[in-house]
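Scroll down for the structure; my scribbles are underneath it.
The values are calculated or read from the model by the stated rules, or taken from the named source; none is laboratory data. Small disclaimer: the values here were computed from a predicted structure and weren't measured. Cβ atoms come from the backbone with ideal geometry, glycine included; neighbour counts cover every protein chain shown. Areas reflect the complete protein model, heavy atoms only, side chains present, ligands, DNA and RNA absent. Shrake-Rupley method; radii C 1.70, N 1.55, O 1.52, S 1.80 Å.
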2 protein chains.
Amino acid sequence: MPTATRLAALRQLLRSRGYDALVIPRADEHLGEYIPPHNERLLWATGFTGSAGMAVILRDGAGIFVDGRYTVQVRQQVPAGDFSYHHLLEEPPVEWLLACLQPGARVAVDPRLHNLQWLRETEAELAAADLVLCLDTDNLVDRCWHDRPAAQVQPALLLDESHTGESSVSKRNRIGAAVKALGADGALIFAPDSVSWLLNLRGRDVPCLPVLQSLALLWTDGSVDLMVEPARMPTGWQQHCGANVRLHTPAEAEALLGTQAGKRVLADPVTANAWSQQLLEQGGATLVAGTDPVLLPKACKNAVEIAGARAAHVRDAVAVVRFLAWLDGEQAEGRLYDEAQLAERLLDFRSGAEHFQGPSFDTISAAGSNAAMCHYNHRNGTPARLQPDSVYLVDSGGQYIDGTTDITRTVAIGDPGAEVRRLFTLVLKGHIALDQARFPKGTTGTHLDVLARQYLWREGHDYDHGTGHGVGAFLSVHEGPQRIAKAWAPVPLQPGMIISNEPGYYRDGAFGIRCENLVVVAEVAGDMEKPMYGLQALTLVPFDRRLLDLSLLDARELQWLDTYHAQVAGTVGPLLPAAEQAWLQQACAPLAVDS
Amino acid sequence: MPTATRLAALRQLLRSRGYDALVIPRADEHLGEYIPPHNERLLWATGFTGSAGMAVILRDGAGIFVDGRYTVQVRQQVPAGDFSYHHLLEEPPVEWLLACLQPGARVAVDPRLHNLQWLRETEAELAAADLVLCLDTDNLVDRCWHDRPAAQVQPALLLDESHTGESSVSKRNRIGAAVKALGADGALIFAPDSVSWLLNLRGRDVPCLPVLQSLALLWTDGSVDLMVEPARMPTGWQQHCGANVRLHTPAEAEALLGTQAGKRVLADPVTANAWSQQLLEQGGATLVAGTDPVLLPKACKNAVEIAGARAAHVRDAVAVVRFLAWLDGEQAEGRLYDEAQLAERLLDFRSGAEHFQGPSFDTISAAGSNAAMCHYNHRNGTPARLQPDSVYLVDSGGQYIDGTTDITRTVAIGDPGAEVRRLFTLVLKGHIALDQARFPKGTTGTHLDVLARQYLWREGHDYDHGTGHGVGAFLSVHEGPQRIAKAWAPVPLQPGMIISNEPGYYRDGAFGIRCENLVVVAEVAGDMEKPMYGLQALTLVPFDRRLLDLSLLDARELQWLDTYHAQVAGTVGPLLPAAEQAWLQQACAPLAVDS
């Protein structure tokens, strides 16, 4: 069905309900980064597949709003005859609405698909121009989307304490106590990954993201009201979670949230949707605005979660090393594949691994100049083929029962030349400096970011993305509050946090480079004046020696590479078939002159 | 007169005016860091000489509130019989008031001595407990302070365009336009250093700080209403400033601020006092809250100001080098002076220099373990004498007509031993790394801070102060918005900003180390992919070679030291008498093996 037909249906409904505009965000009612197919409403209405964006449908016009990553892609996917194109940040939807509408006009939004802060700010901005924000949970897209796929509803996994390291009861008791200390009677646990971690459950219904689609109220006594499709709860869940977890269907959620009169409920206005908080408030509860209380405990992995992450990373390394060895063999034979074939081959290698559940995000498999686009996806066009004398960038990860992985390697295809080697080496120097960092309690990722950039900066280069994002324990490959970036990250790095170390370099139309390991924050052993934290690499895959300009590496950096490679060879080598062992041995051979 | 007698007088007045408490901050009506003697009200009431603090006088009790720097000093200076001691941040005055007072109690504050934000927050906190904040500009301390010194009133300096590089008219026109762009009709220019910079005037009435004690309203047409004691305005000021600067006496200020009905006036609620903004508001003006519009233009020095700073630093270097040469000669003869004698000698060397106006702050002259206190002042007790085999730390600066200086050097007295050398070298490595930094537009001091700390961190050490503060052009030795520190500094570093580079290390009861140069932000020359900024050292004084552990310095660092020392020797050497030239030659001799 062409986009124009869908727009016509939406506009008919728009008029019949007396609206002048409809806002369609790239979000579902769980406000997560990954959205199951049946909730891809923006995609249905516009054809746009990007991970962030918003559409506004007027009675006689429509606009689509995307950020700088998607300015090219949106023009390829969304018909110019149906939509005007706008920059999400520079010309935001609300400004456009103010310009397009007359006083008194009514703008429909579904309060389940927006956070409370956005809704409040938007309502105030519209009201200042005499426009009316209308909350409508009978979603207009859903009403028009006749071939909407059914929601995936599979039973959740009961994640054993041998993987979680802490019972759900223990987590709820300590976080319940923390909520009490904030002066609240309970907390709205809105993010599905927070609910999943808190209850030691994992879902199977969202691609790449093993969360249980649900929300919950956690009370200070550790009891929980869980709002979830009952068919998602497997046999034995009550015993697994404990008697004080009470189940409510999604249909009962509205009534439950609306009958908490007198309760003080902690809720995060930035991450929880407006609908749930408005129901609480309308029912007589008092909202206590604050950060999701599960966020920080979830980010600081315990010893069992860290051991799981290490084990998952060894299995993941076996798959990636086998892929890299295979790729070298194929290119030696002159067989240069396309990006899709390469991504599929890599997935094949991972698929056999113990505990593997699927990719942790859409693989970025980028040949040649495609790698200059940080968020390239070969599925958006014709996959490109590897070119001789270039570099291939592959950013991929897996979800394993015991951990989540995310790794980027940049691979020489033939001889990419001195300029690529120079820049690869500058990127890797930054990666090493960050990996080696020691820092006291209180240090945040913003403080450390420069360590990864300093060598590029010295030569007049930079990269336009963060240096590191938090990663969950068999959960989202992007989690907070930990991050390493120029933007201010107020929460200090703390032991147990898993985070990526991924400096890069991108030359438009030419090539892209990224060196990414996951690392875990840990206290540094030794007798020091102040306790210091450091980063320990979880990822165990060699960096491509063929891309090094050895003249740019100092003795410490060579020593780091040799030590890291020795660890890779020692850990991963014994798990490989003989031919691949030989490849790894060569890939990990020492570089230092005196070795 | 003992403190108890002063408190008795204050309490009598307190009762007669019907108050239950009086708040006395360490601030005067200009809210600056440096306070002239006749405005040292906290000192008069308590005996406390620190640079930050607050007292609260109750009818039957009194508390003094200081931060962590002054917990020892406050007990030495303020009688325990008269005051209870409190931590300014951990047990703030308002909390203490809430604990001490009964509902209905009246708390007196002078709104000239507090910023608007503090006043509003305090008023709300007190009101929540049924306490009444009473604004009283007939200052109670002033009424009781019968031997209060007269205010210094000397004519201001008319600073020539050969020093300022821009006429006052030009400054007012461009900042007036910026104020207009913010939607305001004018701006309250409250900080005396902002007024002084804007009008190209300097005062002589505050120790260390050459500002004209004044405030102003700047209008979008570039005209100014200046509120200042007329005796401070020298002959020719009108010609110097331009015809559209209108003078008002301090007595007329109240009427002027109170008659701006209908005007939208930009004012900074954090840096401007409550009194001036409340008058504007009561008179019918609308306050537009925002940053002082002079702050950023003042921070980004123009070419003339930078050339002035360079020239002032050469003269300052001559004085400091002569002092260091003299100190070495004296210690070679076994003459070890006390901290006061050393500070006086250093001032003597500076005093002869062209354009020298006085110190830019109280010299920190710290022998042995006294240097472990970052804000040590030898005037607070008996000055200590230099000890053999220790280090001496001297942090000092000068105000020159063409620039402000601030330098710290740490000097070997005999042989301080390997541990001091190790730590000095780690501190200096951080200083060098920061000095060498290159960084793109948008980088703030928070991003760069880690460069100065990384080597200390690696060995388990840190220092508990910022790495760099902004410095004015013949203005305050502490200015914003530029800073290099762990705390988030949102304003990016920009060309022309002068800032200190001063990592340190402090071992309680043992020794203190600091290596401080002033540097200026400048665009890096050369053909680079992105424009990069870097730091250029203004300070030209050798670092003490005797404190180096050469095994900890790499080739780049040795090269940096040799290049810097060659620049010092080449610039300062020719300006010295022969004997001191020889000393400098030796102090600057190359260190690199191959030289």
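Per 10 Å bin from zero, what fraction in whole % of the C-alpha pairs of segment A:475-595 is there, up to the bin with the longest pair?
Cα pair-distance distribution for segment A:475-595, in percent: 11, 31, 35, 20, 3, 0.
How high is the FRET efficiency between A:Gln586 and A:Asp389 when r is their beta carbon distance and R₀ equals 35 Å, given to the nearest 0.05?
With a Förster radius of 35 Å, E is 0.95.
Place the peptides B:257-264, A:163-170 in order of packing, highest mean first, counting for every residue the other Cβ atoms within 10 Å and averaging per peptide.
The densest-packed peptide leads the list: A:163-170, B:257-264.
In degrees from 0 to 90, rounded to the nearest 10, what is the angle of the helix A:168-181 Cα long axis to the longest principal axis of chain A?
Rounded to the nearest ten degrees, it is 60.
Apply the Kirkwood formula to segment A:21-87: the hydrodynamic radius equals the inverse of the mean of 1/r over all pairs of different alpha-carbon atoms; give it in Å with one decimal.
With all distinct Cα pairs of segment A:21-87 included, I get 12.0 Å.
Can you compute the equivalent ellipsoid semi-axes for chain A, i.e. the square root of 5 times each eigenvalue of the Cα gyration tensor, sorted largest first and rounded to whole Å?
They are 41, 30, 22 Å, listed from largest to smallest.
Give the residue list of trypsin sites (Lys or Arg not before Pro) in segment B:413-470 that are DSSP loop and have at most 15 other beta-carbon atoms within 10 angstrom.
Of the trypsin sites (Lys or Arg not before Pro), the ones in loops of segment B:413-470 whose Cβ has at most 15 other Cβ atoms within 10 Å are B:Lys441.
Can you give me the relative contact order of chain A as a percent, contacts being Cα pairs under 8 Å and 6 or more apart?
10
So which trypsin sites (Lys or Arg not before Pro) in segment A:331-360 pass both tests, a DSSP loop state and at most 14 other Cβ atoms within 10 Å of the Cβ?
Passing both the DSSP loop test and the Cβ count: A:Arg335.
My understanding is that a pair violates if its Cα-Cα distance is over 18 Å; which of B:Lys171/B:Lys301; B:Lys301/B:Lys486; A:Lys441/A:Lys530; B:Lys180/B:Lys301; A:Lys171/A:Lys301 do that in this structure?
Check vs 18 Å cut-off fails for B:Lys301/B:Lys486; B:Lys180/B:Lys301.
Counting only DSSP beta bridges with both residues in chain B, tell me the antiparallel percent, nearest 5.
The antiparallel proportion sits near 75 percent.
Show me the three semi-axes of the equivalent ellipsoid for segment B:181-224, from the C-alpha gyration tensor (sqrt of 5 times each eigenvalue), largest first, rounded to whole Å.
For segment B:181-224, the ellipsoid semi-axes come out as 24, 9, 7 Å.
With the crude spin-label approximation of a point 7 Å out along Cα→Cβ, what separation in nm comes out for A:Asn380 versus A:Ala510?
2.2
Bin width 10 Å, origin at 0, all Cα-Cα pairs of segment B:189-332: what percent of pairs per bin?
Calculated over all Cα pairs of segment B:189-332, the distribution is 10, 33, 29, 14, 9, 5, 1, 0 percent.
From Cα pairs below 8 angstrom and at least 6 apart in sequence, can you work out the relative contact order of segment B:1-79, rounded to a whole percent?
30
With the dipole of chain A worked out from charges on the C-beta (+1 for Lys and Arg, -1 for Asp and Glu) around the Cα centre, which of A:Gly262, A:Leu22, A:Gly222 lies farthest toward the positive end?
Farthest towards the positive pole: A:Gly262.
Please give the calculated 222 nm ellipticity per residue for the protein assembly as shown, where each DSSP H segment of at least 4 residues contributes -39500 (n - 2.57) and the sum is spread over every residue; nearest 500 deg cm²/dmol?
Value at 222 nm, helices only: -10500 deg cm²/dmol.
Which residues' amide hydrogens lie under 5 Å from the amide hydrogen of A:Thr286, considering only partners 5 or more residues apart or on another chain, with H built in the peptide plane?
Amide H neighbours of A:Thr286, under 5 Å, 5+ apart: A:Gly262, A:Lys263, A:Arg264, A:Val265.
Counting partner chain Cβ atoms within 10 Å of every residue's Cβ in B:451-458, what's the average?
Mean inter-chain Cβ contacts per residue within 10 Å come to 5.
Per residue of A:460-470, how many C-beta atoms from partner chains lie within 10 Å of its own C-beta, taken as a mean?
Per-residue shielding by partner chains comes out at 2.
Taking the Cα centre as origin and putting +1 on Lys and Arg beta-carbons and -1 on Asp and Glu beta-carbons, what dipole magnitude results for segment A:457-595, to the nearest 20 debye?
Computed about the Cα centre, the dipole is about 200 debye.
Kindly report the accessible area of chain B per residue (heavy atoms of protein chains, probe 1.4 Å, no ligands, DNA or RNA), in Å².
38
What are the ³J(HN,Hα) values, in whole Hz, obtained from phi via the Karplus relation 6.51 cos²θ - 1.76 cosθ + 1.60 with θ = phi - 60°, for each residue of segment A:6-12 in sequence order, with x given for Gly and Pro?
Couplings: 5, 4, 4, 5, 4, 5, 4 Hz.
Starting from the Cα of A:Ser167, step 7 Å toward the Cβ, then list every residue of segment A:277-310 with an amide N under 20 Å from that point.
In segment A:277-310, the label zone of A:Ser167 (backbone N under 20 Å from the point 7 Å along Cα→Cβ) covers A:298, A:302-305.
Determine the order of A:Ile306, B:Ile35 by accessible area, beginning with the largest, at a probe radius of 1.4 Å.
A:Ile306, B:Ile35
Quote the total accessible area buried by chains A and B together, excluding ligands, DNA and RNA, probe 1.4 Å, nearest 100 Å².
Approximately 2300 Å² gets buried when A meets B.
Where does helix A:578-587 land angle-wise versus the long Cα axis of chain A, in degrees 0 to 90, nearest 10?
80
Mind ordering A:223-230, B:528-535 by average Cβ neighbours within 10 Å, highest first?
For the peptides A:223-230, B:528-535, the packing ranking is A:223-230, B:528-535.
If you line up the long axis of helix B:418-436 against the longest principal axis of chain B, both from Cα atoms, how many degrees apart are they, to the nearest 10?
70
Could you tell me how many cubic angstrom of Cα convex hull volume the protein assembly as shown has per residue?
About 198 Å³ per residue, rounded to a whole number.
Give the residue from B:Leu552, B:Pro37, B:His565 lying farthest towards the positive end of the charge dipole for chain B; charges sit on Cβ (+1 for Lys and Arg, -1 for Asp and Glu) and the dipole is referred to the Cα centre.
The residue sitting most towards the positive pole is B:Pro37.
Given points 7 Å out from each Cα along the Cα-Cβ axis, report the B:Gln567 to A:Ala525 separation in nanometres with one decimal.
4.4
Of the GluC sites (Glu not before Pro) in segment B:82-124, which ones lie in a loop per DSSP and count no more than 14 other C-beta atoms within 10 Å?
Passing both the DSSP loop test and the Cβ count: B:Glu90.
Over all residues in B:525-535, what is the mean tally of Cβ atoms on other chains that come within 10 Å of each residue's Cβ?
Average neighbour count from other chains, rounded to a whole number: 3.
So, how do all the Cα-to-Cα distances of segment A:58-189 break down into 5 Å bins, in percent, from 0 on up?
Calculated P(r), rounded to whole percents: 2, 7, 11, 12, 14, 13, 10, 10, 10, 7, 3, 1, 0.
Give, as ranges by residue number, the residues of segment B:34-59 whose backbone N falls under 18 Å from the point 7 Å along Cα→Cβ of B:Ala150.
Within reach of a label on B:Ala150, which here means backbone N under 18 Å from a point 7 Å along Cα→Cβ, segment B:34-59 contributes B:36-40.
Hey, how many Å between the Cα centroid of segment B:1-39 and the Cα centroid of segment A:416-440?
Value for the Cα centre distance between the two parts: 59 Å.
If you take the alpha carbon radius of gyration of segment A:228-267 and divide it by 2.2 N^0.38 Å, what ratio comes out, to two decimals?
That works out to 1.40 for segment A:228-267.
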